[in-house]
1. Just want to confirm a number: the relative contact order over segment 268-572, from Cα pairs under 8 angstrom separated by 6+ residues, in percent.
2. Could I have the simple spin-label model distance between Thr152 and Ile397, label points 7 Å from Cα toward Cβ, reported in nm to one decimal?
3. Roughly speaking, what % of Cα-Cα pairs in segment 383-428 are separated by over 14 Å, rounded to a whole number?
4. Starting from 0.36 nm per residue, how many nanometres of slack lie between Asp53 and Asp417 once their C-alpha separation is accounted for?
5. Straight-line reach only, C-alpha to C-alpha below 16 angstrom: list the aspartates and glutamates that Lys59 could link to, leaving out same-chain residues fewer than 8 apart.
6. Report the local net charge at Asn555: Lys and Arg +1, Asp and Glu -1, summed over other residues whose C-beta lies under 13 Å from its C-beta.
7. Using all Cα-Cα distances in segment 268-572, what percent lands in each 20 angstrom bin from 0 up to the longest?
8. Hey, if you put +1 on the Cβ of every Lys and Arg and -1 on every Asp and Glu Cβ in the chain, which of Ala202, Ser451, Gly267 ends up farthest toward the positive end of that dipole?
Amino acid sequence: MAKEIKGIAASEGIGIAPVYRLVEPDLHYQKRRVNNTLTEYKRVLQAFNESTDELRRIKKNARGRLSDEDLQVFDAHIAILADPELLGQVKQLIDQQQLCAEEAVDQVTSRFAQTMVQMTDPYFKERAGDVKDVAKRAMANLMGKKLPDISTINHPVILVAHEVTPSDTSQMDKKFIKGIVTDVGGRTSHAAIMARTLRIPAVVGTEHAAELTRDGQLMVVDGLRGVAFVEPTQDKVTSYRDKAHELTEERQNWAQLVNAPSVSKNGQRFAIEANIGNPDDVADATRQGADGVGLFRSEFLYMGSDHMPTEEEQFTAYRQAVTGMGGKPVVVRTLDIGGDKPLPYLPLPREMNPFLGYRAIRISLKHPDMFKTQLRALIRASQFGPLSIMFPMIGTIAELRAAEKIFNECRSELQADQPGLGDDIKLGMMIEVPLAAINADQFAKEVDFFSIGTNDLIQYSFAADRGNDAVADLYQPLNPAFLGVIQHVIDAGHRHNTKVAMCGEMAGDRLALPLLMGMGLDEYSMSASSILRTRMMMSKLDTQKCSDLVNEAVNNCVTNEEVEQLVRDRLANN
């Protein structure tokens, strides 16, 4: 009898193939004390060197299949293996407690990973998986065992595993890997991001898929709805094959829209833009026909550096992004780091709840010299194309005015030598703090644009950490009350001639799109791979009907699930 396995839709598409369970080698070890601690530590260094060589080889083989940003994860893994703090703690355990290499490496890496798991920021929670991945590779080399080599798979399969690591994903040949199903993970994990880059359908967070399947069983993966079927009926297989064929045809149609405007069925113009992390991502954004960059996460320039980026280094990066977009607008978010997302060269205090603490604009305002360096670089880059600046995690008018004051000081200083420089820059703010959403009318009088950061706004509104699986059911973007908050922000912006964009995950959600169009959202910023799908879908939707749908969803529905079903029904009948 067919089994239905529900999870999280992490990468769109339909996959049909036999199950291939990713089985790891047994890495249990016998605890023992050693006499020759020097020899034991040399075993660690040899295993780490072998692991580093393997990662470099995997990265080399993945080049061409993955973007430069995705490939950077291997540099991060190699950096973990070379971390002097980690190696120092391993050596200390071997020297002082005479632990064997396996136990010393296991203890230290487990401690490192546990520290990251306890952090609030989802980015760092998911970096714990990187540490575990590196530790597993090092332990396998210590014990003379080999990890599964996905790159040797030479027939169509659905990969089923408790967890698929970034290095696993990088070895996948899209020709053979038709889908991915995992017990753990979320839409923001490295593996999910890579799966979307490779356009492999993926369903994650199923909890029990690995134990509910056997090698060779036929499986259907529905990456659109976040569900998989084990040993499906022939009718279901036929139905999904038809859906897969339709999706292939749709994607071919999408490709024709690369240079097309983003307009609704009844001719209303919108903007569909790309979220990027570095200037290299601009190439993919332009290939996918982005109307601009709606979110340049500038913190990646800082996190990818071993020192505070200079004004010249930042200027070069921002100029590259602006020129690369060829006259289309680029919105740069100022530094968005937090107490749980530290920079090694910027000491920050330890906090009990850093996600609600000292982060983002709060840090920039406390470090005006650092903030000015970034703002000066941005103002200088604005002469090469349309550039806007937005401030993250604004909660009060005082914070916004303080940030604008520093910006104006920087612009005045630069204009002493270059009159008019930066006069065309538009200033905006993220709407991600609930108080800012409530006070949107007042904020709209002060800025040129809003960008709704739904990832944080949702978790703050529901008091539910989006990185915590135990409360994942409370992450409800289509909850009618939350839709009311979004509508309020959009209406407030429009009352004061302030454009309203959205750069959170919700902007690229196919079920959210008709609702957001009906609310009048102006700009939609998302991962580049979602742009053409969204543009095609937008062209088939009438904004008046979308507006009617919003009214029905907000006034007649009371749960997230009711809204989901309502939208699905309307889309099916569209």
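Every read-out reported here was derived from the displayed coordinates using simple, explicitly stated rules and does not represent laboratory data. As the structure is a prediction and not an experimental result, all values here were calculated from the model. Quick reminder, even Gly has a Cβ in these numbers, built from the backbone with ideal geometry, and neighbours come from all protein chains shown.
1. Relative contact order for segment 268-572 comes out at 18 percent.
2. Label at Thr152, label at Ile397, 6.8 nm between them.
3. That fraction is 54 percent.
4. Between Asp53 and Asp417, full extension yields an extra 126.0 nm.
5. Those aspartates and glutamates meeting the cut-off are Glu50, Asp68, Glu69, Asp70, Asp75, Asp130, Asp133, Asp149, Asp168, Asp173.
6. Net charge in that neighbourhood comes out at -3.
7. 33, 58, 8
8. Ala202
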